[in-house]
1. Computed FRET efficiency, Cβ-Cβ of Glu114 and Thr61, R0 35 Å: what is it to the nearest 0.05?
2. Spin-label point model (7 Å from Cα, Cβ direction): what's the Gln144 to Val158 distance in nm?
3. On a full-extension model of 0.36 nm per residue, what is the gain between Ser222 and Ile203, subtracting their alpha-carbon distance, rounded to one decimal in nm?
4. With a cut-off of at most 11 other beta carbons within 10 Å, and DSSP calling the residue loop, which trypsin sites (Lys or Arg not before Pro) in the stretch 34-86 qualify? Please list them.
5. How about Lys100: which lysines have a C-alpha closer than 26 Å to its C-alpha, ignoring those fewer than 8 places off in the same chain?
6. If you take the square roots of the eigenvalues of the alpha-carbon gyration tensor of the stretch 40-185 and sort them as a ≥ b ≥ c, do you get rounded (a/c under 1.5), prolate (a/b over b/c) or oblate?
7. Over the alpha-carbon set of the stretch 97-182, divide Rg by the Kirkwood Rh and report the Rg/Rh ratio to two decimals.
8. So if each residue of separation counts as 0.36 nm, and I subtract the Cα-Cα distance between Gln49 and Thr103, what length gain in nm does that give?
Amino acid sequence: MTARGAAGRCPPTTWLGPWLLLVCLLVSRSIAKEVSESCRHTIGNGHLQLLQQLIDSQMETSCNISFEFVDQEQLKDPVCYLKKAFLLVQDIMEDTMRFKDSTPNAKAILTLQELSLRLKSCFTKDYEENDKACVRTFYETPLQLLEKIKNIFNETKVLLEKDWNIFSKNCNNSFAECSSRGYKESSDPQSPEFVFHLLVPSIILVLLAVGGLLFYRWRRRSHRELQILDSPMRQPEGSPLAQDEDTQMELPV
């Protein structure tokens, strides 16, 4: 067997390798692009209708529930706001929005949770690095919470339809600004913190007023008792004893 014949029988792996690698890269890029572009249509109108049904089925109440959410006053950037809110919405649907099993509302929540899992691939991970940045505790009714979540899904849907890659934006700088400013205390008039700070000074003022009134009455009573004790020691004018003394002075010697 000649060297030339041996070479002719060798498998052409030396030149097939780069071509196979190139084909694999092109296929993987096309699949990744197809998956990423699916973000554009992940949120449908049916999901928004589910959220509206949850809102319509809630009992109207003035009772508030507490939950952690993004403070839009601190985080002005709409893309970064939604990226942060998306993570918190997942926690709220799992921990706060709980309904009786097998009810229409419980099934709606399961559908929305599945939607949030599919949306994970549309968001980059920078929002997990500063967990509590730009977040504060809210005290709102269940209706207000559901309306907030519906707005998040609706705004996310609008931005994804315009640009499916919009949530790849790096928001570390925006989150760092929130961290540098620190936590902003809630000023909700119905929040426990606000009520506590308002109630304590009021109680102190009432106690001081009551204490002052009791002290005034005690001083007045003490002064009156001293007057009563001093009255026998004094002989008032026109008393019989004084008249007898005057009569004795007028008797002739």
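Only the coordinates and a few stated rules stand behind these numbers; no lab work does. No experiment lies behind these values; they were computed from the predicted model shown. Positions of Cβ are backbone-derived with ideal geometry, glycine not excepted, and every protein chain shown enters the neighbour counts.
1. Between Glu114 and Thr61 the formula returns 0.75.
2. About 2.2 nm separates the two model spin labels.
3. 4.0 nm
4. Listed in order of number, the matching sites are Lys76.
5. Here the lysines satisfying the reach criterion relative to Lys100 are Lys148, Lys150.
6. Working: a/c = 2.07, a/b = 1.26, b/c = 1.65.
It comes out oblate by the Cα gyration axes.
7. Across the stretch 97-182, the Cα-based Rg/Rh ratio is 1.01.
8. Full extension from Gln49 to Thr103 adds 17.8 nm.
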